[in-house]
Amino acid sequence: MTPTAPTKDRPWALISDLHSNREALEAVFRDIAEQGAGDILCLGDVVGYGPDPEACVDLVMEKCRLTLKGNHDAALIEGEERFNPYARDAIRWTRRRLKPGWFKSSKNRERWEWLRNLPLQHKEQDLLFVHGSPRDPLNEYIYPGDVLFNAEGKLAEIFRAVPHVLFVGHTHHPMVLSSRLASFTPVEGRDRIVLGADRYIVNVGSVGQPRDGDPRACYVLFDGEEVRYRRIPYDIDAVARKIDRIPELDAVLGQRLHEGL
Ligand code: ZN
């Protein structure tokens, strides 16, 4: 796909942490189309936790101009030792579904190779994209609380790697953090922020498993200046029911979707 610059009429859409949640992803793609967005960039964790890995991989392969590797995508290929039991069992189940074997379809081989070869980070103009953080693209979390605790070492070092804007996912918590250490948490009615001359870290939230107390799918539109958060309702019951029917996926993974935690 040929890159286009983000504009007011045709902003970019930034999505992350889809986690095999097909219903959330389809609702988000519908909204992206309605909003007239151009390029769609995905910051990783296409799989893990949820019941529809194949459909989510296929949709992202088809629609996203860029997709980065998340820690769950990496664990699928390299191993899940670091994960908690829910995440670990979900990755093992996902691997059994996706790993190409002698008798599996060549579609699975294509999905597997695509996941295996996802890049860890991407730089374009003065924008940097990574799943976790520039210091540790797969695993480091950047939270608003970093401003209060241990800010100096961690945030100063991370901001040194930020050209103008760093887009991340991984925490499933939407936020904008400026290099002056002012943080912005998007809520209903206050979901837009115009970026100035500072440097910024923008967490685009999670499509498939939000953890900020709002269960609606979250993603970001970016027009080159303004970051706009979108919250999209979807059929959570349908996803939870699918999770309940798969013994390897703990029912907790469906319940937490209802709570947005
Ligand atoms: Zn994630």
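What does the helix-only formula give at 222 nm for the chain: each DSSP H stretch with n ≥ 4 adding -39500 (n - 2.57), the total divided by the residues, and the result rounded to the nearest 500 deg cm²/dmol?
On the way: 8 runs with 85 residues, N = 261.
Calculated mean residue ellipticity at 222 nm is -10000 deg cm²/dmol.
If R0 is 25 Å, what FRET efficiency do you get for R180 and D136 from their C-beta distance, rounded to 0.05?
The formula returns an efficiency of 0.55 here.
Along each of its three principal axes, how wide is the spread of alpha-carbon positions in the range 12-259, in whole angstrom units, largest first?
54, 34, 34
Pick from P119, P247, P163: which is most flexible by mean-square fluctuation in a GNM of the chain where alpha carbon atoms under 10 Å apart are linked?
P247
For the chain, modelled as a Gaussian network with Cα springs under 10 Å, which listed residue fluctuates most, L148, L127, L181?
L148
Take every DSSP beta bridge with both residues inside the range 153-210 and express the antiparallel ones as a percent of the total, to the nearest 5.
Once the DSSP bridges in the range 153-210 are tallied, antiparallel ones form about 65 percent.
May I ask you to list the lysines whose Cα is less than 28 Å away from that of K154, ignoring any residue fewer than eight positions away on the same chain?
The qualifying lysines are K69, K123.
Take the alpha carbon gyration tensor of the range 44-143, find the square roots of its eigenvalues, order them as a ≥ b ≥ c, and report rounded if a/c is under 1.5; if not, report prolate when a/b exceeds b/c, else oblate.
oblate
Label the range 196-261 by shape, choosing from rounded, prolate and oblate, from the square roots a ≥ b ≥ c of the eigenvalues of the Cα gyration tensor; if a/c is under 1.5 it is rounded, and otherwise prolate applies when a/b is larger than b/c, oblate when it is not.
Since a/c reaches 1.5 and a/b is larger than b/c, the shape of the range 196-261 is classed as prolate.
We did not get these values from a lab; they are worked out from the coordinates using the rules stated. Because the structure is a prediction, the values reported are computed rather than measured. Because the Cβ atoms are built from the backbone with ideal geometry, glycine has one as well, and the counts that use them run over all protein chains shown.
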